[in-house]
Amino acid sequence: MTVAVSIHGRDMSVSPRLREYVEKKVGKLDHYLPNISEARVDLAEVRSARSAADRHVAQLTVQSRGTVLRAEERQDDIFAAVDAVLEKMQRQIERFKGKRHRGRGDGAGAETVARLAEEETAPAAPDGVVRRK
C-alpha cells in the first residue's frame, strides 16, 4: 500500500528534486505503520528567523485510522529538516505502537493475579498476622 503524500511549500518553491526526495523518504514510513492513509508535508522558509540554523521548517502530519501524528523540525538546510522530521516521526510511531499494544502480553498478568489470590487464601501465620499489599 502506498502512502498518499501531499507536499506544500510556504514562502518557497518546491523543486522537483526536493519533491522526489520527500516522496521517497515519506513513502518509507509505511514500513513503520502500515495503515497510513495520508501524509502531508509542509515545507517553509522563515526569513525572519533569529538564527540561520532555524531558517528551514519541515512539518509532517500523518493520518492513520483516526489517529493523527504530527512532527516539526527546523534546520539550516531543507533536506536536513526533512531528515530530522522523519526521524522524529519514526520515534513517535514506535511510541504510538507501544502504547497501543501495551497490555496484550503473554498472559503473565493473569499468572500474577492467580498467585496473589493463593497467597491471600493461605493459612495465617502462627501469630495471626497476614501481610497484604
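The values are calculated or read from the model by the stated rules, or taken from the named source; none is laboratory data. Just so you know, these numbers come straight off a predicted model, no measurement behind them. Reconstructed Cβ throughout: ideal geometry from the backbone, glycine too, with neighbour counts over all protein chains shown. The accessibility values were calculated without ligands, DNA or RNA, using every heavy atom of the protein model including side chains. Shrake-Rupley method; radii C 1.70, N 1.55, O 1.52, S 1.80 Å.
Among the residues of the stretch 69-87, write down those that are closer than 19 Å to GLY27 by Cβ and free of Cβ contacts under 8 Å to residues at least 24 places away in the same chain. Hits for the stretch 69-87 are ARG70, ALA71, GLU73, GLU87.
Restricting attention to the stretch 14-29, which residues are in a helix (DSSP H, G or I) and open to solvent by 30 Å² or more (accessible area, probe 1.4 Å)? Hits for the stretch 14-29 are PRO16, ARG17, ARG19, GLU20, TYR21, GLU23, LYS24, LYS25, GLY27, LYS28.
For the condition within 14 Å of the chain's Cα centre (by Cα) and of a type in the set (A, V, I, L, M, F, W, C), what is the one hit in ALA4, ALA53, ALA71, ALA58? After ruling out the rest, the residue left standing is ALA71.
Screening the stretch 19-52 for residues that are farther than 15 Å from GLN90 by Cα and of a type in the set (Gly, Ala, Ser) and picking the one that is modelled with the highest pLDDT gives ALA44. Across the stretch 33-52, what is the total count of residues that are out of contact with any Lys or Arg (no Cβ under 8 Å at 6 or more places or on another chain) and either over 13 Å from LEU86 (Cα atoms) or open to solvent by 50 Å² or more (accessible area, probe 1.4 Å) (or both)? Qualifying residue count for the region: 8. Checked against the criteria, ARG55 does not count as surrounded by fewer than 18 Cβ atoms within 10 Å (Cβ to Cβ) and farther than 28 Å from ARG95 by Cα. Scanning the stretch 53-67 for residues that are modelled with pLDDT of 90 or more and either over 16 Å from ASP11 (Cα atoms) or of a type in the set (Lys, Arg) (or both) yields a count of 3. Contact list please: Cβ distance under 6 Å, first residue in the stretch 3-16 and on the phi > 0 side of the Ramachandran plot, second residue surrounded by 12 or more Cβ atoms within 10 Å (Cβ to Cβ) and in a strand (DSSP E or B), pairs at least six apart or on different chains. If the second residue must be surrounded by 12 or more Cβ atoms within 10 Å (Cβ to Cβ) and in a strand (DSSP E or B), the pairs left are ASP11/ALA44; ASP11/GLU45. Scanning the stretch 58-68 for residues that are touching a residue at least 12 places away in the same chain (Cβ under 8 Å) and either open to solvent by 70 Å² or more (accessible area, probe 1.4 Å) or in contact with a helix residue (DSSP H, G or I) (Cβ under 6 Å, 6 or more places away or on another chain) (or both) turns up ALA58, LEU60, GLN63, ARG65.
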